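Contents: one structure, followed by commentary.
The values are calculated or read from the model by the stated rules, or taken from the named source; none is laboratory data. Nothing here was measured: the structure is a model prediction, and the numbers come from that model. As a convention, Cβ positions derive from the backbone with ideal geometry for all residues, glycine included, and neighbour counts pool all protein chains shown. The accessibility values were calculated without ligands, DNA or RNA, using every heavy atom of the protein model including side chains. Shrake-Rupley method; radii C 1.70, N 1.55, O 1.52, S 1.80 Å.
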Amino acid sequence: MAEVKPEEIVTHPPMDQLQGFEYCIDSNPSWGEAISLGFQNYILALGAAVMIPTLLVPLMGGSDDDKVRVVQTLLFVTGINTLLQTLFGTRLPTIVGGSYAFVVPIISIIHDSSLTRITDDHERFLQTMRAIQGALIVSSCIQIVLGYSQLWSIFSRFFSPLGMVPVVSLVGFGLFDRGFPVVGRCVEIGVPMLILFIAASQYLKHLHVRRLPVLERFSLLLTITIIWVYAHLLTVGGAYKHRPERTQINCRTDRADLISSAPWIKIPYPLQWGAPTFDAGHSFGMMAAVLVSMIESTGAYNAAARLASATPPPAYVLSRGIGWQGIGVLLDGLFGTATGSTVSVENVGLLGSTRVGSRRVIQISAGFMIFFSILGKFGALFASIPFTIFAAVYCVLFGIVAAVGLSLLQFTNMNSMRNLFITGVSIFLGLSIPQYFFRYTASARHGPAHTKAEWFNDYINTIFSSPPTVALIVAVFLDNTLDFKDTAGDRGMPWWARFRKFKGDGRNEEFYTLPFNLNRFFPPR
């Protein structure tokens with residue numbers, strides 16, 4: 001075997017920003033392209049906006065009309081929260097939408113004995129919704145205080161590139177159960193969608209039309225349209241007439257309950273379900289979900305920064321974003337979205353797939369959310385896309401986000417046994433512990449924490465059901481206690497330190513300065 005000459009050895013030095021992005025956070029495509037990309041992000045955000053109410057509203061006793069109103073409300077508030085976050089929060093191109101992290105405490109509220117005793121379904125739905133609203137409003141105060149007081153910024157001083165690797169990676173890897181396991185529920189739609197999306201976005205990405213890489217930019221929109229039409233042909237052709245109900249739910253496109261129940265025009269408004277009710281136990285349980293959403297969003301913000309060719313968000317900016325996210329949870333409680341808010345991981349992954357990290361594109365997407373949530377019939381039409389199609393796309397987009405987390409390893413010394421131990425153990429436990437909680441809950445119909453104190457049960461079951469949260473607890477603890485003296489270089493701290501303060505790097509002002517000259521009134525730290 002020929003010996004490799006020293007000059008032939010290729011090295012890849014660490015890079016602050018990802019390369020190859022035509023549009024980064026503060027550069028914008030043409031208006032036509034930006035509007036099309038914004039609509040594509042809106043379509044992708046529909047997955048969670050439809051699935052969360054579809055899961056929760058029937059358990060609350062709600063009808064199809066109630067489910068449609070909740071979907072519309074969730075989309076409307078998602079649009080508002082996204083605009084607030086991109087304008088005044090982190091200013092990263094992230095969509096702030098419905099979160100699955102709130103499902104555990106919300107289901108606990110739904111099963112509260114005081115609510116299950118209500119015999120009338122519609123009345124039970126209203127009372128349950130008001131209880132959820134009250135819990136969201138109270139718990140949002142925790143996030144607002146941690147964000148605007150800069151306490152989250154202080155806590156982030158314990159973070160390092162090594163500690164962030166498991167957190168950011170498991171923001172993607174931790175959602176594996178919403179990928180191929182859902183695709184498998186309707187393989188005749190899901191598998192073709194997965195293959196077609198990979199082929200269009202990767203193998204055919206160099207195909208240009210008038211110098212525009214159409215398939216790379218709009219592969220999601222084009223492939224969803226093709227598979228949606230294909231699924232509709234299967235539906236009208238009677239392919240699912242005699243199939244099990246679960247298959248029909250995951251494969252059919254004629255969701256008449258959504259389209260027929262949706263009003264033509266309906267503007268969501270605060271307290272539309274009535275005055276919120278407040279219960280200390282419900283609120284304590286919901287606080288755990290708020291903490292989980294903060295940790296998951298911290299990982300997603302770091303991933304979005306790299307995929308938008310920006311520098312890592314300074315601690316001050318990160319804390320500012322967490323504060324605005326708390327305002328978002330408060331709006332969720334006031335409007336009644338049936339869940340809280342967090343950063344949409346799939347939309348972060350789409351930044352990498354399209355190689356467009358423009359902030360303006362996400363703001364246009366927020367406009368589509370508000371517009372179509374008011375025009376109910378049109379929004380319901382797009383919401384009839386089978387969730388299996390979205391799950392196929394998630395297999396790619398969640399993987400991109402996970403890989404961004406792994407890319408932070410380039411700033412650390414991975415020839416160090418200490419670093420290998422921390423990375424491996426935190427990633428493994430971040431996947432293994434939540435899987436244990438999930439399987440236990442599925443078999444026993446309640447979480448491993450099952451005491452008479454419901455708020456304590458919700459707290460433990462919610463915290464340890466989140467892979468990024470478990471990974472952060474393990475990684476940050478080990479990284480700051482295990483041989484931490486004289487290991488700053490191995491942990492990547494010399495690179496990380498200059499991004500911890502707003503003025504530590506000259507590029508931060510370009511990426512994260514508030515608009516309308518607001519930095520004069522709110523000077524960054």
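Quick check: anything in region 425-445 modelled with pLDDT under 85 and open to solvent by 50 Å² or more (accessible area, probe 1.4 Å)? Give the derivation first.
Step one: of region 425-445, the residues modelled with pLDDT under 85 are 445.
Now narrow it down to the ones that are open to solvent by 50 Å² or more (accessible area, probe 1.4 Å): 445.
Yes.
Among (1) in contact with a Leu (Cβ under 7 Å, 6 or more places away or on another chain); (2) at pLDDT 90 or above; (3) open to solvent by 70 Å² or more (accessible area, probe 1.4 Å), there is one condition residue 265 misses while meeting the rest; what is its number?
With respect to (1) in contact with a Leu (Cβ under 7 Å, 6 or more places away or on another chain); (2) at pLDDT 90 or above; (3) open to solvent by 70 Å² or more (accessible area, probe 1.4 Å), residue 265 is out only on (2).
Does region 482-495 include one or more residues that are surrounded by 19 or more Cβ atoms within 10 Å (Cβ to Cβ), in a helix (DSSP H, G or I) and at pLDDT 90 or above?
yes
Could you give every pair whose Cβ atoms fall below 8 Å, whose first residue belongs to region 270-298 and is farther than 17 Å from residue 125 by Cβ and open to solvent by less than 10 Å² (accessible area, probe 1.4 Å), and whose second residue is part of a loop (DSSP other than H, G, I, E, B) and among the small types (Gly, Ala, Ser), counting only separations of at least 6 or pairs across chains?
Pairs that qualify, where the first residue is farther than 17 Å from residue 125 by Cβ and open to solvent by less than 10 Å² (accessible area, probe 1.4 Å) and the partner is part of a loop (DSSP other than H, G, I, E, B) and among the small types (Gly, Ala, Ser), are 286/340; 289/99; 289/340; 290/340; 292/466; 293/99; 293/340.
Check off (1) farther than 30 Å from residue 17 by Cβ; (2) outside any helix (DSSP H, G or I) for residue 460 and give me the number that stays unchecked.
(2)
Working only within region 102-146, note down all residues that are more than 18 Å from residue 323 (Cα to Cα), touching a residue at least 60 places away in the same chain (Cβ under 8 Å), open to solvent by 40 Å² or more (accessible area, probe 1.4 Å) and β-branched (Val, Ile, Thr).
Listed by number, the list holds a single entry, 104.
Just checking, does region 71-83 include any residue being farther than 20 Å from residue 271 by Cα, touching a residue at least 12 places away in the same chain (Cβ under 8 Å) and either in a helix (DSSP H, G or I) or open to solvent by less than 10 Å² (accessible area, probe 1.4 Å) (or both)? Give the derivation first.
Taking region 71-83 as the starting set, the residues that turn out to be farther than 20 Å from residue 271 by Cα are 82-83.
Filter once more, keeping what is touching a residue at least 12 places away in the same chain (Cβ under 8 Å): 82-83.
From what's left, either in a helix (DSSP H, G or I) or open to solvent by less than 10 Å² (accessible area, probe 1.4 Å) (or both): 82-83.
Yes, some residue in region 71-83 is farther than 20 Å from residue 271 by Cα, touching a residue at least 12 places away in the same chain (Cβ under 8 Å) and either in a helix (DSSP H, G or I) or open to solvent by less than 10 Å² (accessible area, probe 1.4 Å) (or both).
Residue by residue through region 115-126, note down the ones that are within 32 Å of the chain's Cα centre (by Cα) and closer than 18 Å to residue 454 by Cβ.
Looking only at region 115-126, we keep the residues that are within 32 Å of the chain's Cα centre (by Cα), and these are 115-116, 121-126.
115, 116 - these are the residues of region 115-126 that are within 32 Å of the chain's Cα centre (by Cα) and closer than 18 Å to residue 454 by Cβ.
For region 49-65, how many residues meet the condition of being open to solvent by 10 Å² or more (accessible area, probe 1.4 Å) and either assigned to a helix (DSSP H, G or I) or under 18 Å from residue 347 (Cα atoms) (or both)?
Summing the residues that are open to solvent by 10 Å² or more (accessible area, probe 1.4 Å) and either assigned to a helix (DSSP H, G or I) or under 18 Å from residue 347 (Cα atoms) (or both) in region 49-65 gives 7.
Kindly establish whether residue 439 is farther than 26 Å from residue 348 by Cα, free of Cβ contacts under 8 Å to residues at least 24 places away in the same chain and assigned to a helix (DSSP H, G or I).
Numbers: farther than 26 Å from residue 348 by Cα: yes; free of Cβ contacts under 8 Å to residues at least 24 places away in the same chain: yes; assigned to a helix (DSSP H, G or I): yes.
When the stated conditions are applied, residue 439 passes them.
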